[in-house]
Amino acid sequence: MNINRIIFAIEDCISTLSRYSVSAFFPDYCDLHTVIGLDQQDRERRPWLKAPYIATTKQGYYLSVFEISGALKEMDENPDLTAPGTLESLITALAERMNTAYKNTGHKISFVFERDPERGRDEIEAMLLPQRKSIARTGILLQDVLDEKVTTLTPWLVRERCWLTVWSSEELLSRTDRKDHQTRIRKLAEHAPPARFAQDPWRWTLSALKIRHDAFLDTLEQALTHDSDGLLVRLMDIHEVGREIRRQLERNSTPAVWQPHLPEDARPAGWRQGEDTSVFHAPSLNLQLFTTQPETHGSLIKAGDLWHGMVAITLPPQNLRTFNQLVRDVPRAIPWRIRMDLMPGGMKALGVKKTLLTYSSFISPLRPMYDSVMMLNDINKHDPVCIMTIVATTWGNSREVCTRNQALLKSALEGWGVCGTTTTFGDPRRAWVNTVLAASHSSGPIPLYPPLSHALSLFPLNRAGSVWRGQGNLMMHTEDGSAWEVALASSQQNKHTELTPGAPGLGKSVLINALSEIQIASAQKNLPFIAYIDKGFSAQGLVQLIRDSLPEQRKDEAVGIILSNDPEHTRNLFDVMYGAKKPATPEKNFMVSVLCALCVDTGTGQPCNPGDTRQIISNLVDLAFREYGENNPRLYRAGTEPLVDLALEESGIAEQHDSGWWNAATWFEIRDMLHMAGNIPAAQRAHYQAMPLLAEMSALLGQPSIRDVFGTVQRDNSAELLLGYIRRALDQGHSDYPMMSGCTRFMLSPDTRVVAVDLNNVAGDKTPAGRLRTGIMYLLAGQIAGGDFVLPQYQEEIRKNLDPRYHEVIFRRIEQLDQEVKTKVYDELHNAKGINFIWEALDTQELEQRKFGIRTVLSTQLLQDYPPAVLKSANTLWLLRYRPDEIPFLRDNFGVPEVTLRRFLKMPEGAAPDGSGVPVLAVFRVKNGTLARILKFTLGPLELWALNSSPKDSALRRALTQELGSLRARQILAENFPRGSATSLIEHRARTHDSENVIHDLAAELIRKQGYHL
């Protein structure tokens, strides 16, 4: 016979008598009855509330619930530290705020904390639901990637929630107020029709109690937020509270959209029974919430298909330990919930014991009890002694699983500072209800008597909190598995500047690519606008992933470009908006920045005479467009652009004028005619031919408008004329940068929305001159990929200066840009280190783009690579590693706790061996304060193989892609290397195999392995 069944039978017999002597109708275990409706002041103070936030119990208590999302930052848990930002400082502040209220009875609080690993899948599924709808709208086939996210993240995620319930009773009121209220209710009841099972808010409406209840709520909220350095707190409405209570009772059968009926929601239902009018009103809350019929089996409860076991603390922790230590002690696979009730009046409850012990203190065995009570009496003078109960529960699909979980939870609780516990209850249903959020005002069976400050130190006040819970599009998780959401480019941040420093091999490029992929999967109707400027081909995998997910006719929406110094990639520095004859403000700023960069002295990283140089360059740009746009526009010559010549012939435009007209025709006129004929590609080519060229700039410096003003200005610390130096620098630029010196040959499709520009073949070396070259290429690539992102902010200027015939084409694009968040990514920026002028140009762009709805990501290898101005303006950090001497900067400028910074440096670099992901210290400046947490970033093999940029893995992916195509190559790699890398195997074979090309041999082996499944 199974020994477990014998034990269970004995337990059933022992508890039968007590169980039946106290059992009652299960809805009676819940004392919630109705709500207090919102008044005008409530709507003004809390406009986000759509339903009442105060419930009442059958005893007349007012009840409200806060959702505690967690702490903004990790707090140092050392009890000896009391500086701001430590857990002890928060506890002290909270105790000071509650001290007055807890010297008298009337208020009660209760923390409920729950962790459920079985609901981790629900967390990621709920977050991905909008993305699934998005990819259905945009038509991008990323379902396999989203499915893989669920499979990969589910084992590491735990659904974690925490709530704070607040009760206020009529004990807070004077005897007169209570008497007047009872008199008023009796008069109203004489005229009210009977409604035995319905809610009757009028019976419990008491303005004096509501004022005191609201005041205590405000006190707690202010203390918990702790000047934006504490917890994330949100007041819940009763619809939410009721849904959560019902979910805790019926975990597997409560719909996600279920909510209790409140008086304002009620609709008549059923048949009226005699004089009772209950059918016309909302049923009492306890009847709606407690609809299950749990069965007792010994000290266990069976509700639906789940078994629940409870553990109550009978002896408080002898050594104070924090709640985080308890979380670490409970195995991650165990689902559990704990409720901690805290009431004032501890010494009042001990009054009889105190009196008896006073007269019996001379008895030696009782002396320790007397000393303990007297010690509490002394503490009570400055730190109120409270009544506290702690009851926890766990559950499982079978009695055996539940019993095992109960034993593990009991063991963890007993090890939490050495506690005493019990799993035996006279009424198990009451014990279970005492673990449920806000269901009953009654507390657990075993009262404890800690001082207020000691009780607060046991509460879950230092859990990781996110301002994006339920609103994110990126799922990360804490070290202990708590799901942690991030919403990229959300309204919670005033600007969207992200820095991603990280040494090679830590996953920096994979992280950046994954963030871009998430934006693509979260788009509204079309792909988002993303400009990715890179050196080293890191972004090409992302572009290929997107292109593989698009139908054939939409491949041009995502383009990867590898720039090179050949005629096919020529992009004229002086190109302006199609249809325009002079640059808009952002276009001119770009031209001035690049021309000034050509004049940079590599020894200083700045142009000579920066102020004079910039003024000369600005005048030069104006002069160039005045010269070639108005005074002497460039003449059309047949044979220059074959596409234009062909378009003129096929459209019949060539026959509309005689040879004399054609000899004097300008490229602007050709452009306009082709545009009106509807041949936009040919008109665009004609437009390019009309623009000024870099080679013409040195001659324009000799024009009187510039020479007369600046002709005598000399370089600083030199006798050389500044105009001569600028002329020489521009001529050298024309020679060094042929790809931006001629008429544009390289065109992007108007449908292109995701552009990755790689600078690997045009970047400079590590010398100062080489870094300057790289910086200039970054500026040029940024203009190619995302130069039009800022145009929505200049609509009035464009509308005023642009020919109306071009408005439809240009403003269609501008309207698309204006409706969406745009992203600019600059990767591998350490290649421009030391060229301050380039960084200043990027910083200026970044500061301006804050107003234009542009998310900017700046990535480099070391935190010190960023200039101070960029560091101070950033509001998001994705830190994969930093140096110990950078801790003071991160602590003082970003408010990251030192305990977090030092703990992160002790963690292993790169991906965890267990597959849980890469540790990231994420820092976000949000409207509530600063979020700073050590998180895990976890990707599945398909994503890793698409986004991986390590040299050996990239080479293997390219070898397979050449044979099988990118989609099938990624699938084979994901099947054979689920950790997302084959580097270790490649290196091992390179050491042990006699092969000329290990990577090609491995690719061939993988192909052969597929056999007929290729």
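Could you sort the peptides 438-444, 576-582, 507-513 by per-residue average Cβ neighbour count (10 Å cutoff), highest mean leading?
Listed from highest to lowest mean packing, they are 507-513, 438-444, 576-582.
Scalar couplings 3J(HN,Hα) for segment 678-687, obtained by applying the Karplus form with A = 6.51, B = -1.76, C = 1.60 to θ = phi - 60°, are x, 9, 5, x, 5, 4, 5, 5, 5, 4 Hz; x denotes Gly and Pro. Taking amide H atoms as placed 1.01 Å from N in the peptide plane, the amide H of I561 lies under 5 Å from those of A756, V757, D758, each 5 or more residues away in sequence or on another chain.
Do you know the relative contact order of the chain, to the nearest whole percent, from alpha carbon pairs under 8 angstrom that are 6+ apart? Write down the numbers at each step before the final one.
Values: 1814 pairs, mean separation 145.9, N = 1014.
Once divided by the residue count of the chain, the mean separation gives 14 percent.
The length gained by stretching the chain between N397 and K1009 to full extension, at 0.36 nm per residue less their Cα-Cα distance, is 216.2 nm.
Packing around the peptides 409-417, 389-397, 608-616, taken as the average count of other Cβ atoms within 10 Å per residue, puts them in this order, highest first: 389-397, 409-417, 608-616. When each of Y628, Y806 is scored by the number of other beta-carbon atoms lying within 10 Å, the sequence from fewest to most is Y806, Y628.
Of interest is the spacing of the C-alpha centroids, which for segment 147-199 and segment 537-579 amounts to 59 Å.
Given axes a ≥ b ≥ c from the Cα gyration tensor, I'd like to know whether segment 950-1013 is rounded (a/c under 1.5), prolate (a/b larger than b/c) or oblate. Since a/c reaches 1.5 and a/b is larger than b/c, the shape of segment 950-1013 is classed as prolate.
Charging the Cβ of each Asp and Glu at -1 and of each Lys and Arg at +1, and nothing else, the dipole of the chain about its Cα centre rounds to 2940 debye.
Give me the lysines in straight-line cross-link reach of K103: C-alpha distance below 27 Å, same-chain residues under 8 apart excluded. Excluding near neighbours in sequence, the set is K58, K179, K210, K348, K353, K354, K381.
Using the Cβ-Cβ distance between Q615 and S735 with R0 set to 22 Å, the FRET efficiency works out to roughly 0.30.
Distant-in-sequence amide contacts of R634, defined by a placed amide H-H separation under 5 Å and a gap of 5 or more residues or a different chain, comprise W667. What the Kirkwood sum gives for the chain is a hydrodynamic radius of 33.4 Å, with every pair of different alpha carbons counted.
Panel order for V821, V644, by other beta carbons found within 10 Å of each beta carbon, from fewest to most: V821, V644.
Per residue, the chain reaches -13000 deg cm²/dmol at 222 nm when only DSSP H runs of four or more residues are counted, each adding -39500 (n - 2.57).
Between E650 and Q816, the distance separating the two model label sites (each 7 Å from Cα on the Cα→Cβ line) works out to 2.3 nm. Here the Karplus relation 6.51 cos²θ - 1.76 cosθ + 1.60, evaluated at θ = phi - 60°, turns the backbone of segment 84-97 into coupling constants of x, x, 9, 5, 5, 5, 5, 4, 4, 5, 5, 5, 5, 5 Hz, with x for every Gly and Pro. Have a look at G415, T355, A638 and report the one farthest towards the positive end of the charge dipole of the chain, computed about the Cα centre with Cβ charges (Lys/Arg +1, Asp/Glu -1). Of the options given, the answer is T355. What separates the Cα centres of segment 699-719 and segment 76-94 is a distance of 64 Å. When you filter the trypsin sites (Lys or Arg not before Pro) in segment 911-1014 for DSSP loop state and at most 16 other Cβ atoms inside 10 Å of their Cβ, you are left with K927, R979. Computed extension length for R903-A699: 67.4 nm, one decimal, from 0.36 nm per residue of separation with the Cα-Cα distance subtracted.
Kindly state, to the nearest 0.05, the FRET efficiency for D80 paired with K103, given R0 = 22 Å and r defined as their beta-carbon distance. After rounding to 0.05, the efficiency reads 0.20.
Projecting the Cα positions of F789, F811, W156 onto the charge dipole of the chain (unit charges on Cβ atoms of Lys, Arg, Asp and Glu, taken about the Cα centre) puts W156 furthest along the positive direction.
In order along segment 179-189, the Karplus-derived 3J(HN,Hα) couplings, from 6.51 cos²θ - 1.76 cosθ + 1.60 at θ = phi - 60°, round to 5, 4, 5, 5, 5, 5, 5, 5, 5, 5, 5 Hz, and Gly and Pro are given as x. Modelled this way, with points 7 Å down the Cα-to-C-beta line, the labels at R43 and A189 are 3.2 nm from one another.
Nearest 0.05, what FRET efficiency do T752 and R404 give at R0 = 60 Å with Cβ-Cβ as r? It would help to have the intermediate numbers written out before the result.
On the way: r = 58 Å, r/R0 = 0.96.
Computed FRET efficiency for T752 and R404 comes out at 0.55.
No lab work stands behind these numbers, since they all come straight from the coordinates. Values in this document were obtained by computation on a predicted structure and should not be read as measured data. Every residue, glycine among them, receives a Cβ derived from its backbone with ideal geometry; neighbour counts consider all protein chains shown.
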